[in-house]
1. Name the residue that is nearest to the other protein chains (Cβ to nearest Cβ), counting only residues in the range B:78-93 that are surrounded by fewer than 17 Cβ atoms within 10 Å (Cβ to Cβ) and assigned to a loop (DSSP other than H, G, I, E, B).
2. Would you be able to say whether some residue in the range B:203-217 is assigned to a helix (DSSP H, G or I), at pLDDT 90 or above and closer than 23 Å to residue B:350 by Cα?
3. Provide a single number: the residues in the range B:30-73 that are farther than 25 Å from residue B:124 by Cα, within 10 Å of chain A (Cβ to nearest Cβ) and crowded, with 17+ Cβ neighbours inside 10 Å.
4. Just to check your reading of the model, which residue among B:228, B:154 is away from chain A (no Cβ under 14 Å) and under 19 Å from the mean Cα position of the chain (by Cα)?
5. Tell me, yes or no, whether the range A:177-197 has at least one residue that is among the small types (Gly, Ala, Ser) and in a strand (DSSP E or B).
6. Filter the range B:189-213 down to the residues that are under 17 Å from residue B:243 (Cα atoms) and not aromatic (Phe, Trp, Tyr) and list them by number.
7. Determine which single condition residue B:245 fails, assuming it passes every other condition in (1) modelled with pLDDT of 95 or more; (2) part of a helix (DSSP H, G or I); (3) under 25 Å from residue B:153 (Cα atoms).
8. If a residue must be modelled with pLDDT of 85 or more and in a loop (DSSP other than H, G, I, E, B), how many such residues does the range B:426-475 contain?
Amino acid sequence: MQIALFADIHGNRQAFEACLKQARDFGAERYVLLGDFVGYGADPDWTVTTAMELVDQGAFAVLGNHDSAIANSREQMNLEAKVAIEWTRGELGTQQRRFLAQLPLRQNDEDRLYVHADASNPASWIYVISTVEASRSLAFDPAQITFCGHVHRPAIYSMSPTAKMTAFTPTTGAAVPLLQGRRWLAVLGSVGQPRDGNPAASFAMLDTKKRELTYCRVPYDVEQAVAAIRKKGLPRWLADRLFLGQ
Amino acid sequence: MAKPLHEPGVVLDGFRLDEIAHQGGFSAVWRVSRPGVSTPMLMKVPRIGEGTDPAAIVSFEMEQMIMPRLTGQHVAKCIVVGDFAVQPYIVLECIPGKTLYERLPELPLPYAEVAAIGVKIAQALDDIHRQHVVHLDIKPSNIMFRPSGEAVLLDFGLSHHDQLPDLMQEEFRVPFGTAPYMSPEQLRGIRSDPRSDLFALGVLLYFFSTGVRPFGERETIRAMRKRLWRDPVPPRRLRPDYPPWLQEIVLRCLDIEPGWRYPTAAQLAFDLSHHDQVKLTTRSERMRRDPITTVLRRRFNKDLMRPHQPALAAHLSSSPIIAVAIDLTEGSRAINDALRVTTERILATLPSARLACVNVLKQGRITIDFTLDEFGHNKQIERLVALKHWAAPIELDERQLTVHAIEAIDPATAILDFARANSIDHIVIGARQNSLLRKLLGSVSAKVAAEAQCTVTVVRPPPTSQDEAAPATDDVSLSSAG
């Protein structure tokens, strides 16, 4: 089975549409949405509505910290993110807000675990940025492969049977075999706000038969996404950073 | 002793274990067969169990990841990878024959034979480097030859793949390899430099041509670390008749600084197969090792030379071999000037590139060609001189430039063969402007552009006022006149 995985869409309609089209072309049979549907971008309502449709058709979805902040004003965030969330609250309809409020923090799917951040304490939204957090997250759940987002930069961690950790930055388009002999944690890049210096939207495809994970990059209409953010009067940096991929 | 996991006759995933071919420290290798498959096959099964060296498992995992991604004549074809947590295995094509290790009793070998072996291994290295892999364990027992002559590299358990997680590096952080062949940078823990394989090949060439290992056989870290500052005894000191070109090549491979070695395996193969054109530096004349002051400087000022580490793919693409086909007949001045302009543009951003200037003299199918022309001049040498003269304004280092005069009945085929045999990355060729000649002889550049396996640039001279009046006669265009 071909599984398409998306994280950190952040209301960027142009980026998400481009990734969904690419995933369909790659033959995606299942969709996994790893949280942060809203915040930063100009089309939160469309994004959540699209996610709801996908979930109706069998997609998996988990909660991100920005999604949680819609109903929960105690979530800690930087100033720009806060402004964006305040605006987003006034954009989402009842159904969309209800959909976000009932999302689980974690979901298991066969030998896979889906979560937005570190799985050991998901409501604390800890960034998995090194083997330290990766090993803590892997120790929590016995799933062979954990998928998360939150960091906005692609990375693959593995743990050997003797609990030795490895870290690796995947190359776009090069399939990485997730060997059975060890456990894996894949941090996805961001669909809607990449921060690894490459402005192209990021998602991943998992081939469950071959057990291979491929990170994909999709160029999309950044100008339109930027113009939409500016038009809504959101902080300028949220628009400008999309050009830079930072 | 651990209980053997498998016995002859056992069938594993459809493969029948016939007999043990090799029992290594990390794994057992079985000859296997399968109904309906006639190719001889080997199955590699790692030793897993109590007391197994963790490196054995990790190195097997690296092979599991790398082997299915490698293709071509220079590796054993990977038939299937069984990835099971309990019992992983790899089934590979069985290469008939013996490894280079079997030839150790014959050392030293004749110089020409060492060079010929070196060319084949360097071509194999070039192939795997282009597939994003650094082997990191090049030694005689990991090299075989197909009946057709190509070198086959074995055992990728210690290798590094540019696009896959490096489990060896991450888990152990100590150098793995074979002591006599390990490069200085490998000892420092760097696993991503393709020039480490050129160092190992240099060790092999030194050993095969002198019968002596340049850095000995000792395996302690202390003994191995000596090569970080101590250069080997020059081969000429061991064998007075050692050819200077071979010493130049071998010592360049063995340079402590990766940046001072050949930039790519293809460039090394090129020098080994055109040794009459190797630039002879002081390396070729050396009779003794570096003075103690140099050794002490290396020993205690290690940071003077910071190793620069470009990504594997970027490194290879910055060091191409470019072949330019030059017509030396009368009236080709305009096209030759245009060829030079284009060649200069291509070389401008590529300081490690090298340029091979090729001239093909067309021979008649029946007539006998004489080496000397009617005035008694050696035509071959005249052509080489003319090629050097053409290249002089580009001001290349002697090491970057070679000239080749070839005789052939079919010039296009000769250029294509030259490109294939020398791993040429880019051919620059002029389009023949004279439409009458083209009609009579066919278009050389069109055939080269259509059939070459590398990039081809077809160059035309700038139009003259005369040309503007008449429609352009164009060598490679697909118009009805072409």
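The values are calculated or read from the model by the stated rules, or taken from the named source; none is laboratory data. Bear in mind that the values here come from a model prediction, so they are computed numbers and not experimental data. Glycine also receives a Cβ, built like all others from the backbone with ideal geometry; neighbour counts cover every protein chain displayed.
1. B:85
2. To start, the set of residues in the range B:203-217 that are assigned to a helix (DSSP H, G or I) comprises B:203-210.
If we keep only those that are at pLDDT 90 or above as well, we get B:203-210.
When the remaining residues are screened for being closer than 23 Å to residue B:350 by Cα, the result is none.
No - not one qualifying residue is present in the range B:203-217.
3. 3
4. Working: B:228 fails: under 19 Å from the mean Cα position of the chain (by Cα).
After applying the criteria, what remains is B:154.
5. Just the residues of the range A:177-197 that are among the small types (Gly, Ala, Ser), to begin with: A:181, A:186, A:189-190, A:192, A:197.
Okay, now just the ones that are also in a strand (DSSP E or B), so A:186, A:189.
Yes, because at least one residue in the range A:177-197 is among the small types (Gly, Ala, Ser) and in a strand (DSSP E or B).
6. Initial filter on the range B:189-213 (under 17 Å from residue B:243 (Cα atoms)): B:202-212.
Scanning the range B:189-213 gives B:202, B:203, B:204, B:205, B:209, B:210, B:211, B:212.
7. (3)
8. Of the range B:426-475, the ones modelled with pLDDT of 85 or more are B:426-431, B:444-460.
Add one more test, that the residue is in a loop (DSSP other than H, G, I, E, B), and what stays is B:431, B:452-454, B:460.
Selection size over the range B:426-475: 5.
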